[in-house]
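Working notes, beginning with the structure itself.
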Amino acid sequence: MAESAPPTNAKLPQKTVQELVINGEELPEQYIQKNGEGGVLDVPLLEVPLQKLRFALSSWGCFQAINHGITHSFLEEVREVVKEFFALPMEEKRKYSREVYGFDGYGNDIILSEQQRLGWSDRLYLTLNPEDQRRLKYWPETPQAFRYILRDYTVKMEMMTEVVLRPWHVAELKGQLLFRAVWKTSDNDSKIQLLSKMSKARSCSWGQNTFRCISNHHSLLQDKEVEGLQFQKDNQCCKIPIIPEALFINVGDQVEIMSNGIFKSPVHGVVTNSERERMSLAVFYIPEPEKEIEPDDRLVNES
């Protein structure tokens, strides 16, 4: 998820999560968090019929999209090249380390206070669009195919957005125009960012702190074997089942605001697996920071 600018006393952890795991070190107190088992609910699985889309956005705030136009074989290529990057020697990955006051690059959570709870994950955070804002010094040159596949994935994700999310423009509820999104991926006002992470830890740690997505929405490519993604619905912590060929679409706060609360921005997070690492790749769609977000006038009752 996009991060706000850190304060002047912010710092980065001395070691990455992978280093702590490799060295067999005790889990630092800052990573220990309460973790429930949670249940399993059937998140809507969509081929984008409008009626089901309305239900998913208003009831769940998320869905898993299939037949989205990106081949299963290409998604496997993406997963593989990301895993190859995280498997590189630490000295190679550190060439792309993030800076304390920057967003892009390899690393983990910025430490803002000694009481802060940290996510048990390492990540590679990259700005994808607009192209002129890409900081290519953080784009890995190893594996050799990484940059090419990432660029190709960016293009395919823009096409997927057209196929899967265009119906958001015409979604209707009780005969009323529900909402018009501002997710234009080809517009320089939008920024798409990539978060890749792997986690392996005790069951008392979250791989990622629970949060609501502050962006417009985000699309997630899950690990095809290791579960971990959870979100809250009806005061329950629910697991998201793995569907290897699906992309998980999550509504953000900006969409909930524009729809005047009709579409939901769910609280979600990632729990760790004590035996296996987990990879995921998220693309966040973020309108320009100066854009004022407010409910559609047709959805506001003045009385």
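None of the figures in this text is laboratory data; all of them are computed from the coordinates on show. Just so we're clear, the structure is a prediction, and the values are computed from it rather than from any experiment. Glycine gets a Cβ as well: all are built from the backbone with ideal geometry, and neighbour counts include every protein chain shown.
Listed from fewest to most Cβ neighbours within 10 Å, the set Leu57, Leu88 follows the order Leu88, Leu57. If the chain linking Ile242 and Arg135 were pulled fully straight, counting 0.36 nm for each residue of separation and taking away their Cα-Cα distance, it would gain 35.3 nm.
Taking label points 7 Å from Cα along the Cα-to-Cβ direction, Glu292 and Gln51 give a separation of 4.0 nm.
Exposure proxy ranking for Arg79, Arg123, based on other Cβ atoms within 10 angstrom of each Cβ and starting from the fewest, stands as Arg79, Arg123.
With both labels modelled 7 Å from their Cα along Cα-to-Cβ, the Asn67 to Leu88 distance reads 3.9 nm. Spin-label model, Gln232/Val155: points 7 Å from Cα along the beta carbon direction are separated by 4.2 nm.
Subtracting the Cα-Cα distance of Glu162 and Thr142 from their residue separation scaled by 0.36 nm leaves 4.1 nm. From least to most packed, judged by other beta carbons within 10 angstrom and beginning with the fewest, Ser259, Ser73 follow the order Ser73, Ser259.
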